[in-house]
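Visitor: Encoded as structure tokens, here's the structure I'll be asking about.
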Amino acid sequence: MKNMYKIIAMLFVFNVASKDINAQNNIESSMNTNSISLLIPQLNELIDSALVHNGMVNYRKLEIEAKESNLKYKRQYWTTNFGVQADTRYGTFNNFSSISGDNSTVNLASNTQQLNYNVGLYLKIPVFDVINRKSQIKQAKAELEQARSLAKSQEDELRELVIRYYEDLLLKQNLLELRASNLGNARVNMEMVEKEFKNGLIAISEYVRISDMTSRIAAEFSEAKSDFVVTKKLLENLTGVEIR
């Protein structure tokens, strides 16, 4: 009869302890989830921000502008051979003239102060410029297309990198939540084991085994947390967006 009472009492204690464990697990899991979950922006927003924030992409854009200006210069270079020229002169001028008659010639000389000016157009045709102009324009166009291709390649690489970090962050967040839940369960279980060990209900070998298991779960949680923080910082640095 006494053994029956002991069994009933142990079952009652075990039932109460199980309910207490479940309650603590739910509370700790909820706390861990709230502290881990982030308001991660949409992927398209992160990509757009990265394209604006990235230094190499901005460098490629400036390079395109420089190549466009160079092509424009090559196309307009021929105008340097065409222009208007003007000059003015003011001072004392010596004028000489002669009058010839039937039997004699009369020479006349005079000094006058006057302003002389000349205005005219000029056109130079350098043979080398004419021959080389088409080649220079073709080269400038090729350099511009090359700059545009490099810019597009840089943007594609950046988009791919943002996508990788974005998906990796979501994965690391889910893993961290799982590790946090496991750690919460392990700690509650360890508390119960400690109580049972103190009451002499379990052997020391079982206590050591569960303690070692709890330590491994805690180490896994710390590692998952470190990976999560690193990935978050990398994505923030790449996009210039603070994720909270």
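The values are calculated or read from the model by the stated rules, or taken from the named source; none is laboratory data. Note that the coordinates shown come from a computational prediction; the quantities given were computed from them, not determined experimentally. With ideal geometry, Cβ positions are generated from the backbone for all residues, glycine too; neighbour counts draw on all protein chains shown. Just the protein is used for accessible areas: all its heavy atoms, side chains included, with ligands, DNA and RNA removed. Shrake-Rupley method; radii C 1.70, N 1.55, O 1.52, S 1.80 Å.
Visitor: Taking the simple approach of a point 7 Å from Cα along Cα-to-Cβ for both residue 88 and residue 227, what is their distance in nm?
Guide: 8.4 nm
Visitor: Can I ask one more? Let me cross-check residue 204: its accessible surface, 1.4 Å probe, with only protein heavy atoms counted, in Å² to the nearest 10?
Guide: The accessible area of residue 204 comes to roughly 110 Å².
Visitor: Determine how large the accessible area of residue 39 is when every protein chain is in place; take a 1.4 Å probe and give Å² rounded to the nearest 10.
Guide: 150 Å²
Visitor: What do you reckon, how do 208, 52, 241 stack up by accessible area (1.4 Å probe), largest on top?
Guide: So, going from the largest accessible area down, we get 52, 208, 241.
Visitor: Pop the C-beta distance of residue 61 and residue 187 into the FRET formula with R0 = 45 Å and round what comes out to the nearest 0.05. It would help to have the intermediate numbers written out before the result.
Guide: Details: r = 53 Å, r/R0 = 1.18.
Given R0 = 45 Å and the Cβ-Cβ separation, E is 0.25.
Visitor: Okay, next question. Excluding same-chain pairs closer than 8 in sequence, count the lysine pairs in the stretch 140-244 whose Cα atoms lie under 14 Å apart. Could the numbers behind the result be given before it?
Guide: Working: 172/225; 172/232; 172/233; 225/233.
For the stretch 140-244, the number of qualifying lysine pairs is 4.
Visitor: Hey, could you pull the Cα Rg and Dmax for the stretch 126-179, both in Å?
Guide: Using the Cα atoms of the stretch 126-179, the pair Rg, Dmax is 23.5, 78 Å.
Visitor: Tell me the accessible surface of residue 192 in square angstrom (1.4 angstrom probe, heavy atoms of protein chains only), to the nearest ten.
Guide: Accessible area of residue 192: about 40 Å².
Visitor: In sequence order, what are the phi-derived ³J(HN,Hα) couplings for the stretch 190-200 according to the Karplus relation 6.51 cos²θ - 1.76 cosθ + 1.60 with θ = phi - 60°, rounded to whole Hz, with x for glycine and proline?
Guide: Coupling constants for the stretch 190-200: 5, 4, 5, 5, 4, 5, 5, 5, 5, 8, x Hz.
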